[in-house]
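Structure record follows, encoded as structure tokens.
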Amino acid sequence: MKIAVLSGDGIGPEIVTQAVRVLDVLRGDGLKLEMESGLMGGCAVDATGEPFPEATRSLVKHADAILLGAVGGPQYDSLPRPQRPERGLLDIRKSLNLFANLRPAVLYPELANASTLKSEVVAGLDILIVRELTGDIYFGEPRGIEVREGQRVGFNTMIYSESEIRRIAHIAFQAAQKRGRKLCSVDKMNVLECTQLWREVVIETSSEYPDVELTHMLVDNAAMQLVRNPRQFDVMVTGNIFGDILSDEASMLTGSIGMLPSASLDENNKGLYEPIHGSAPDIAGKDVANPLATILSLAMMMRYTFSQESVSERIEMAVKKVLSQGYRTSDIYESGMRRVGTAGMGDAVLANL
Ligand code: IPM
Ligand code: MG
């Protein structure tokens, strides 16, 4: 198992350090894994002038899986767009064809009070958002800012081909088959042609999955339903931009964005694994960030890329135990619990592993 480790910026290095400690334990127990680290994001810009430099391109190309911390920071916001850390992230997704982004939002019973929603609304929550990751308005051409008739106009293109829609629909239907067999496809077909095609192709694909109950929802309603009655959802599938927004929203149902892992997969289950939160520059270097989303991303890596279900469960079980023992980083802290920092949380996970 060749794993490329890209710590990135902000809290990235601190949280990835804790995840690497978990990998070291697994290796000590006989798992055959190799790790190699590379530069990605702002740290890569500082060192090479580019967010996704050639050496990192070759590293990730030859790896089976990639562990990423987070990228970005305010000091890079004024750089030209091609040099911004976020662009490195978009490049790596596109160049490795990581079109299937899986973002589970699971509420751990111990954290029922950490959500800003009433605990009876979120108790037992277990949603999987399947977000298309290499198309849509994120990559569509033409795009730009230019002067037309004496004033600046900004424009982007929302575009999906039917093959792009079909392949992510298959992923979502298959994920639903392994769970509650309910799939909700989210679009804006009342206004946008691109998403009218989305709905048509998802309906066509559904004929191959008669055991999955397919529903459709407009994105504005989906945003509302996620806070009104989130437990109505099992698997949701949507395009890149709607998925970006809805997955942040869903993360807060679980109490903290610091708890949620993600997987971005290509056709052969090669994958990039990262917490869904960002680089949080305001708390970087202070040993307060929650490393659990990154550690849980390893569990997804073991499951999806390496088909090591028992290793995956071992990691998830260690995280559950840590929560039931009362260990909490600041983002999920409640009075009466044991407050720990980033490294302290890593210690607790290792002790339970
Ligand atoms: C995410 C992030 C990225 C995205 C940014 C950092 C480019 O918000 O992974 O959700 O928009 O996809
Ligand atoms: Mg996002």
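What follows draws every value from the coordinates through simple rules; no lab data is involved. Note that the structure is predicted; figures quoted are calculated from it, not measured. Here Cβ is always computed from backbone atoms with ideal geometry, including for glycine, and neighbour counts include all displayed protein chains.
From Cα pairs below 8 angstrom and at least 6 apart in sequence, can you work out the relative contact order of region 27-167, rounded to a whole percent?
Worked out over region 27-167, it gives 16 percent.
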Which listed residue (Gly69, His216, Thr205) has the Cα farthest towards the positive end of the charge dipole for the chain, taking +1 on Lys and Arg C-beta and -1 on Asp and Glu C-beta about the Cα centre? Gly69
Out of Val122, Ile168, Leu6 - ranked by how far each Cα lies towards the positive end of the dipole of the chain, with unit charges on the beta-carbon of charged residues - the top one is Val122
Choose one of Pro109, Leu89, Ile257: the residue whose Cα lies farthest towards the positive end of the charge dipole of the chain (beta-carbon charges +1 Lys, Arg; -1 Asp, Glu; about the Cα centre). Pro109
Looking at the square roots a ≥ b ≥ c of the eigenvalues of the Cα gyration tensor of region 95-187, which shape do they give, rounded for a/c under 1.5, prolate if a/b is larger than b/c, or oblate? oblate
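Apply the a/c threshold of 1.5 to the C-alpha gyration tensor of region 1-153 and tell me whether it is rounded, prolate or oblate.
It is oblate, given that a/c is not under 1.5 and a/b is not larger than b/c.
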Given an 8 Å cut-off on Cα distances and at least 6 residues of separation, report the relative contact order of region 107-256 as a percent. 38 percent
Relative contact order of region 196-353, please, whole-number percent, based on alpha carbon pairs below 8 angstrom and at least 6 residues apart. 16 percent
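Which pairs break 24 Å Cα to Cα here: Lys61/Lys94; Lys188/Lys270; Lys178/Lys320?
Beyond 24 Å between Cα atoms: Lys188/Lys270.
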Applying the Karplus parametrisation 6.51 cos²θ - 1.76 cosθ + 1.60 with θ = phi - 60° to the phi angles of region 117-127, what ³J(HN,Hα) value in whole Hz is obtained for each residue in order, glycine and proline being reported as x? 8, 4, 4, 6, 7, 9, 4, x, 4, 7, 10
What is region 107-256 by shape, rounded, prolate or oblate, if you read a ≥ b ≥ c off the alpha carbon gyration tensor as root eigenvalues and call it rounded for a/c under 1.5, prolate for a/b larger than b/c, and oblate otherwise? oblate
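Could you rank the peptides 49-57, 21-29 by their average count of other C-beta atoms within 10 Å per residue, with the highest value first?
Put in order of decreasing packing, that is 49-57, 21-29.
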Picking from Gly285, Gly41, Gly255, which is most flexible by a Gaussian network model of the chain using Cα springs under 10 Å? Gly285
In debye, nearest 20: dipole of the chain around its Cα centre with unit charges on the Cβ of K, R (+) and D, E (-)? 520 debye
When DSSP assigns beta bridges and you keep just the ones with both residues in the chain, what percent turn out antiparallel, to the nearest 5? 40 percent
With charges only on Cβ, +1 for K and R and -1 for D and E, what is the dipole size of region 107-256 about its Cα centre, in debye, rounded to 20? 280 debye
Which order do the peptides 145-151, 107-113 come out in when sorted by mean C-beta neighbours inside 10 angstrom, highest first? 107-113, 145-151
